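The values are calculated or read from the model by the stated rules, or taken from the named source; none is laboratory data. Being a predicted model, the structure only gives us computed values, none of them experimental. Cβ atoms come from the backbone with ideal geometry, glycine included; neighbour counts cover every protein chain shown. The area values use the complete protein model at the heavy-atom level, side chains included, leaving out ligands, DNA and RNA. Shrake-Rupley method; radii C 1.70, N 1.55, O 1.52, S 1.80 Å.
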Amino acid sequence: MSDAVKLALVDYCALIIIDAPPVNALSVAVRRGIFESVQAANADAAVRTIVMTCAGRTFIAGADITEFGKPPQPPALNEVITAIESCSKPVIAAIHGTALGGGLELALGCHFRVAVKDAKLGLPEVKLGLLPGAGGTQRLPRAVGPEFGVRMIVTGEPIGAPEALDHGLIDEIVESQADGAIAFARKLVAEQRPLLLLRNDDSKLVAAKADRSLFAAAAAAATKKNRGLNAPLACAEAVSWTLDTPFDEALKKEREAFLKLVADDQAKAQRHAFFAEREAVKVRDVADGVKPRPVGRVAIIGAGTMGGGIAMSFANAGIPVTLIETGEEQLTRGLGTMRKNWDATAARGGIPADEPAKRMALIDGKVGLENVRDADLVIEAVFETMAIKKAVFTAIDANARPGAVLATNTSYLDINEIAAVTRRPQDVLGMHFFSPANIMKLCEVVRAKQTAPDALLTATTLAKRIGKTPVVVGVCHGFVGNRMLAVRGLQGEALLKSGALPEEVDAVLTRFGFSMGPFAMGDLAGLDIGWRSRQDRGIRWDIADAICEAGRLGQKTSKGYYRYEPGSRAPIPDPKVEQLIDATCKRLGLTRRTIGDQEILERMIYPMINEGARILEEKIAARPGDIDVIWLYGYGWPIHRGGPMFYADLVGLRTIVERLEFYARSLNEPALKPTALLGRLADEGATFASLNTEKTRG
Ligand code: T1G
């Protein structure tokens, strides 16, 4: 037996215990250990039942993703499951924590499944650009029905044990997994219950076989939101084989479909995203032994859109919040918005009906900055001007308790300058949340020159505790995400001057996979925000500024780069915008031309990649994978494209260098010249991935 899998005997029950931290993934050692243990237990005359359980915090969390892309080693998971199904004795899966992917597929090969109440069960392969590759597309629908099965597999969302029991995915909810399973096994023996394998049970397929429209409707609903991803459609097709293809033949087809997907760039991108996110949250260059400071209460300054969203994030995690405003009216408005948002979520069934009141009870609304005194972490989310930030930090410094971490939510500003107005620069850092702050996962944690390591760890630890993905970045204008966004925005302006229209640029980026193009996004956010920021810095974007000067500030004025019908958010191309662009270009003596889609894509994306390389050179971001995570979770970069730096490796750095050099010359734009790092990597035939950690090298 391998160390990862042990075999014990309890009365006449063989206990197969998988112990492969951190999540009992099905590495080759684990697969081999299970395979040998099942065969040994089945051959042992003293054994009458077999229980499969895991040590540690969870049941098997799936195949070992680090093995993907490498030569497969026997036994394959399908062989292990077949060995289980070949047992003449009942095999019971004892589930706690999560049974995901191959872990659930293995449990589906068992005769019975029991789980503790807070266990979760799911097939999330679609989130890795895959489909369940060890019989899940054929066994799960036989357990829960094809309509519910296709929804689980296409969304990849897990379900809890109670719902699993309701749908027949598990046979019983037990107090503790191993003891509960052993007791369940005793019952089986006493009742002489027949052994029925899912592979031989088509009882839940009868209705859908008789009326294919049932399954077709469920599959269509599940794949409706699919945006250019291959895996969801492949998942739905594989599940449909339960209705018309014999089990073993369908298993072969499933394997072929899996192998096709796993080799696909989309799956590589999603695997990269999975590991890059987990690497990004590990704070580098902090000495061992440094611990985060304890945080019992958080003070949020500003109850507006950002402050309210941030306060909700902490209350959602059960952390008490002091919400501070300058006046009762602003406070009441902010609290009202939070309550309305929670009520709406409860009305949709997203949280229990009594949760809004419980979470509101965690929010202590106060007027006056002196109320920061009880907080261990203070987050400022006030108006985005340096003067106001400095005034607020001066007041926070005068009132906050010693050792409190002082965070600013600024999107752009120099945090070293803000820290300098306090007597405690070592406690000052940035926590840049993204709107809507109670929804968006990304939090850029900005390390200023004097930020103490334990203050930094306090911010990243707390961000994770409230379900965010914290990425540590350095101080510069716009940090990482907004700095690259500004580069893309400038290229968007340049493309309009060259001859493109807003709807043409947006169409290229939505086809690339963004849910919304930059011009429609600008209209949604409000064009005056960027306009004011450019004015503050003495920068003029001729067309963007002309649009604002014409009173076209976006959806809030029913017109921006597009026009909007009353009550509608649907962007409609507006000939007046084309006239405005033409007039501006004529005034500037520019001749516009037709711009092709490929040129639009290259001029919008490659300069961003170049800026990402510059950010790495300046050590504002530690790894290319961090930049990918920031764009995936803060700016809606399409998951199946892996992030800007991952995408650059797919295109090839040599190609990107050549195209940037071409545009720099032909457009007379020296800023487009490739950075030294990009040029060096291209010359070496290297990739950005080579600068990542081992796991995120793809
Ligand atoms: N393989 C390898 N490593 C994994 C892993 C996996 N499946 N899951 C997690 N890890 C590592 C992770 O990289 C991190 O490592 C550590 O475990 C803790 O993870 C055949 C083909 C289980 C809900 O998609 O959803 O089965 O950074 O930080 O927040 O059809 O991990 O510490 O070095 O996420 O407590 C399908 C993926 C695979 C589940 C736990 N399974 N994992 O969350 O910890 S494909 C999945 C998760 C498959 C079959 C197909 C979560 C978790 P490090 P963590 P967590």
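May I ask you to verify whether Ala276 is over 19 Å from Thr458 (Cα atoms), touching a Leu at 6+ places or on another chain (Cβ under 7 Å) and in a helix (DSSP H, G or I)?
Criteria not met by Ala276.
So which of Arg659, Arg614, Arg603, Arg665 ends up being more than 30 Å from Leu130 (Cβ to Cβ), modelled with pLDDT of 95 or more and crowded, with 24+ Cβ neighbours inside 10 Å?
Sole residue among the options that is more than 30 Å from Leu130 (Cβ to Cβ), modelled with pLDDT of 95 or more and crowded, with 24+ Cβ neighbours inside 10 Å: Arg603.
Inspect region 683-692 for any residue being in contact (Cβ under 8 Å) with a residue 60 or more places away in the chain and part of a loop (DSSP other than H, G, I, E, B) and give the result as yes or no.
There is at least one residue in region 683-692 that is in contact (Cβ under 8 Å) with a residue 60 or more places away in the chain and part of a loop (DSSP other than H, G, I, E, B).
Across region 317-340, which residue is modelled with the lowest pLDDT among those that are open to solvent by 40 Å² or more (accessible area, probe 1.4 Å) and of a type in the set (Ser, Thr, Tyr)?
Going through the qualifying residues, I end up with Thr326.
Only one residue in Leu196, Leu169, Leu214 is under 22 Å from Gly103 (Cα atoms), surrounded by fewer than 18 Cβ atoms within 10 Å (Cβ to Cβ) and of a type in the set (A, V, I, L, M, F, W, C), so which one is that?
Working: Leu169 fails: surrounded by fewer than 18 Cβ atoms within 10 Å (Cβ to Cβ); Leu214 fails: under 22 Å from Gly103 (Cα atoms).
When all the criteria are applied, what remains is Leu196.
If you check Ala395 against the conditions, is it in contact (Cβ under 8 Å) with a residue 40 or more places away in the chain and open to solvent by less than 50 Å² (accessible area, probe 1.4 Å)?
no
How many residues does region 439-452 contain that are within 13 Å of Gly467 (Cβ to Cβ) and more than 14 Å from the chain's Cα centre (by Cα)?
Here the count works out to 0.
Residue-by-condition table, conditions (1) under 27 Å from Asp626 (Cβ atoms); (2) in contact (Cβ under 8 Å) with a residue 24 or more places away in the chain:
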site	(1), (2)
Asp454	yes, yes
Thr461	yes, yes
Gly481	yes, yes
Met484	yes, yes
Ala494	no, yes
Gly517	yes, no
Arg534	no, no
Arg537	yes, no
Arg540	no, no
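Check Phe35 against each of (1) within 16 Å of the ligand (Cβ to nearest atom); (2) closer than 19 Å to Glu85 by Cα; (3) buried (at least 23 other Cβ atoms within 10 Å of the Cβ) and name the one condition it does not meet.
Against the list (1) within 16 Å of the ligand (Cβ to nearest atom); (2) closer than 19 Å to Glu85 by Cα; (3) buried (at least 23 other Cβ atoms within 10 Å of the Cβ), Phe35 comes up short only on (3).
Does region 326-347 contain any residue that is in contact (Cβ under 8 Å) with a residue 24 or more places away in the chain and acidic (Asp, Glu)?
Within region 326-347 (the criterion being in contact (Cβ under 8 Å) with a residue 24 or more places away in the chain and acidic (Asp, Glu)), the answer is yes, since at least one residue qualifies.
Please work out which one of (1) modelled with pLDDT of 95 or more; (2) in a helix (DSSP H, G or I); (3) within 16 Å of the ligand (Cβ to nearest atom) is the condition Glu147 fails and give its number.
Looking at each condition in turn, Glu147 falls short on (3).
Between residues in region 94-107 that are over 16 Å from Glu79 (Cβ atoms) and touching a residue at least 40 places away in the same chain (Cβ under 8 Å) and residues that are within 8 Å of the ligand (Cβ to nearest atom) and of a type in the set (Val, Ile, Thr), which pairs lie under 7 Å by C-beta distance while being six or more apart or on different chains?
His96/Thr58; Gly97/Thr58; Thr98/Thr58
Quick one: would you say Ser176 is more than 32 Å from the chain's Cα centre (by Cα) and outside the structural domain of Pro638 (by TED's automatic domain parsing)?
Here the answer is no, as Ser176 does not meet what is asked.
Within region 603-615, is even one residue closer than 28 Å to Arg278 by Cα and not in a helix (DSSP H, G or I)?
Checked region 603-615: no residue is closer than 28 Å to Arg278 by Cα and not in a helix (DSSP H, G or I).
From Tyr633, Tyr647, which residue is in contact with a Leu (Cβ under 6 Å, 6 or more places away or on another chain) and either open to solvent by 10 Å² or more (accessible area, probe 1.4 Å) or among the aromatic types (Phe, Trp, Tyr) (or both)?
Selected residue: Tyr633, the only one of Tyr633, Tyr647 that is in contact with a Leu (Cβ under 6 Å, 6 or more places away or on another chain) and either open to solvent by 10 Å² or more (accessible area, probe 1.4 Å) or among the aromatic types (Phe, Trp, Tyr) (or both).
If you check Val206, Val189, which single one turns out to be of a type outside the set (Ser, Thr, Tyr), open to solvent by less than 50 Å² (accessible area, probe 1.4 Å) and assigned to a helix (DSSP H, G or I)?
On the way: Val206 fails: open to solvent by less than 50 Å² (accessible area, probe 1.4 Å).
The conditions single out Val189.
Return the residue satisfying two criteria in turn: it lies in region 239-273 and is among the small types (Gly, Ala, Ser) and more than 14 Å from Gly136 (Cα to Cα), and of such residues it is nearest to the ligand (Cβ to nearest atom). Before the answer, list the steps.
Pass one, region 239-273, residues among the small types (Gly, Ala, Ser): 240, 250, 257, 263, 267, 269, 273.
Subset that is more than 14 Å from Gly136 (Cα to Cα): 263, 267, 269, 273.
Values: Ala263: 13, Ala267: 10, Ala269: 15, Ala273: 12 Å.
Selected residue: Ala267.
Mind checking whether some residue in region 100-110 is open to solvent by 10 Å² or more (accessible area, probe 1.4 Å) and more than 7 Å from the ligand (Cβ to nearest atom)?
The answer is no; no qualifying residue exists.
Mind telling me which of the residues Pro141, Pro132, Pro158 ends up being within 16 Å of the ligand (Cβ to nearest atom), touching a residue at least 40 places away in the same chain (Cβ under 8 Å) and touching a strand residue (DSSP E or B) at 6+ places or on another chain (Cβ under 6 Å)?
That would be Pro158, the only listed residue that is within 16 Å of the ligand (Cβ to nearest atom), touching a residue at least 40 places away in the same chain (Cβ under 8 Å) and touching a strand residue (DSSP E or B) at 6+ places or on another chain (Cβ under 6 Å).
Residues of region 7-29 being more than 16 Å from the ligand (Cβ to nearest atom) and open to solvent by 10 Å² or more (accessible area, probe 1.4 Å), which ones?
Leu7, Ala8, Leu9, Val10, Asp11, Tyr12, Leu15, Ile17
Being open to solvent by 10 Å² or more (accessible area, probe 1.4 Å) and either outside any loop (DSSP other than H, G, I, E, B) or at pLDDT 95 or above (or both) is the filter here, so list the residues in region 476-490 that pass it.
The initial filter retains those residues of region 476-490 that are open to solvent by 10 Å² or more (accessible area, probe 1.4 Å), namely 476-477, 482-483, 485-490.
Passing the criteria: Asn482, Arg483, Leu485, Ala486, Val487, Arg488, Gly489, Leu490.
State whether one or more residues within region 298-312 are of a type outside the set (Val, Ile, Thr), part of a strand (DSSP E or B), modelled with pLDDT of 95 or more and away from the ligand (no atom under 16 Å from the Cβ).
Yes, there is a match, as at least one residue in region 298-312 is of a type outside the set (Val, Ile, Thr), part of a strand (DSSP E or B), modelled with pLDDT of 95 or more and away from the ligand (no atom under 16 Å from the Cβ).
Do we have any residue at all in region 62-85 that's near the ligand (Cβ under 9 Å from one of its atoms), in a strand (DSSP E or B) and of a type in the set (Gly, Ala, Ser)?
yes
Give region 111-125 a look and list any residue that's within 11 Å of the ligand (Cβ to nearest atom) and either within 17 Å of Ala178 (Cβ to Cβ) or open to solvent by 10 Å² or more (accessible area, probe 1.4 Å) (or both), or say none.
Lys120, Pro124, Glu125
In region 45-61, which residue that is in contact with a strand residue (DSSP E or B) (Cβ under 8 Å, 6 or more places away or on another chain), touching a residue at least 40 places away in the same chain (Cβ under 8 Å) and part of a loop (DSSP other than H, G, I, E, B) is farthest from the ligand (Cβ to nearest atom)?
Arg48
What are the pairs, 6+ residues apart or on separate chains, where a residue within region 173-202 that is touching a residue at least 12 places away in the same chain (Cβ under 8 Å) has its Cβ under 6 Å from a residue that is among the aromatic types (Phe, Trp, Tyr) and outside any loop (DSSP other than H, G, I, E, B)?
Hits for this filter: Arg199/Phe247.
So Ile81 passes all but one of these: (1) open to solvent by less than 20 Å² (accessible area, probe 1.4 Å); (2) β-branched (Val, Ile, Thr); (3) over 19 Å from Glu105 (Cα atoms). Which condition number does it fail?
(3)
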